[in-house]
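Visitor: Got a structure for you, questions after.
The values are calculated or read from the model by the stated rules, or taken from the named source; none is laboratory data. Here the structure is a predicted model, which means the values were calculated and not measured. Here the Cβ positions follow ideal geometry from the backbone for every residue, glycine too, while neighbour counts run over all protein chains shown. Surface accessibility is based on the protein's heavy atoms, side chains included, excluding ligands, DNA and RNA. Shrake-Rupley method; radii C 1.70, N 1.55, O 1.52, S 1.80 Å.
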Amino acid sequence: SDRFTGSGIPKNFFWFYLYASSPLANLQNTANNISGAGFPAIGLVVDFLPDFISKRLVTEQQVEMVWPILITPQLTVATAYGRPLVTLGWWGPYLLHLYFLGIYSFLVRYVRRSRYGGALVAVFCAQGCLMFFDNMVVFSGAIGQVLVGVVLVFLERKRITIFRLPGRLAKQGAA
C-alpha cells in the first residue's frame, strides 16, 4: 500500500514482507471467496499423490480449474493448503495436514536410530517449513531427497554395503 511504502521502511524489507505475506493473503482470499468443496476427485489426486503420478492422471486444464483465488495474478502462492481448500472445502487443509503428519511421523520413527536420522529429520523440518509456500509432500524434488535417505537407512539396517574398502584400508578403519 502507499502507506507502507511511504513509511520510511527500506524497500528491501518491503519485498520480503510482500513475498512472505502473500501466501497467507491468497489463502485468506480463497477462504473468503469459495462456496464449498468443488472438485474432490481432482483434489485427492493432485494434493495427495506425488506430482509425477498426478500429472498423468489430471490434465493442466483441470488443475487450473482448482487454482486458489489470488489477490493478484503476480503473487501465485497460496500455501500448501490453498488448493485443498478449493477442491475439498475446509476438509482439504485438515486432511492434508493429517496426511503430512502421518507420513513424516512414520518416517521419523523409521529413521530415528540410524546414522542418517539427523540429516533426514533436518530434511523433514525444511520441507515442513516450505509447506508455507507449496505442498512439499507431493513435490518430486522433495520426494527424491526423502527416498534417498530412506533407501540408505534400509541398506544400513540390512547391513548391505555399497562400497567396500580394500583389505588393508578396511583393517585401518576398524582399528
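Visitor: Out of 138, 123, which single residue is under 29 Å from residue 27 (Cβ atoms) and part of a loop (DSSP other than H, G, I, E, B)?
Guide: Step by step, each of 138, 123 is checked, and only 138 is under 29 Å from residue 27 (Cβ atoms) and part of a loop (DSSP other than H, G, I, E, B).
Visitor: Quick one: would you say residue 22 is of a type outside the set (D, E, K, R), open to solvent by less than 90 Å² (accessible area, probe 1.4 Å) and over 21 Å from residue 138 (Cα atoms)?
Guide: Judged against the criteria, residue 22 is a match.
Visitor: How many of the residues making up the stretch 7-35 are within 24 Å of the chain's Cα centre (by Cα) and outside any helix (DSSP H, G or I)?
Guide: 1
Visitor: Oh, and also: Need pairs with beta-carbon distance below 8 Å; first residue free of Cβ contacts under 8 Å to residues at least 24 places away in the same chain and on the phi < 0 side of the Ramachandran plot and within the stretch 57-72, second part of a loop (DSSP other than H, G, I, E, B) and open to solvent by 50 Å² or more (accessible area, probe 1.4 Å); sequence gap 6+ or separate chains.
Guide: Final answer for the pair search is 57/49; 62/39.
Visitor: Still on this structure, please answer the following. Residue 160: surrounded by fewer than 16 Cβ atoms within 10 Å (Cβ to Cβ) and either in a helix (DSSP H, G or I) or modelled with pLDDT of 90 or more (or both), yes or no? Before you say what the answer is, go through the steps one by one.
Guide: Details: surrounded by fewer than 16 Cβ atoms within 10 Å (Cβ to Cβ): yes; either in a helix (DSSP H, G or I) or modelled with pLDDT of 90 or more (or both): no.
For residue 160, the condition - surrounded by fewer than 16 Cβ atoms within 10 Å (Cβ to Cβ) and either in a helix (DSSP H, G or I) or modelled with pLDDT of 90 or more (or both) - is not met.
Visitor: Right, next: Pairs, please: C-beta under 7 Å, at least 6 apart or cross-chain, first residue under 20 Å from residue 73 (Cβ atoms) and in the stretch 21-50, second in a helix (DSSP H, G or I) and small (Gly, Ala, Ser)?
Guide: Matching pairs, first to second residue: 26/82; 27/82; 30/82.
Visitor: Just the residues that are within 19 Å of residue 31 (Cα to Cα), buried (at least 16 other Cβ atoms within 10 Å of the Cβ) and among the polar types (S, T, N, Q), please, taken from the stretch 50-102.
Guide: Within the stretch 50-102, 79, 87 qualify.
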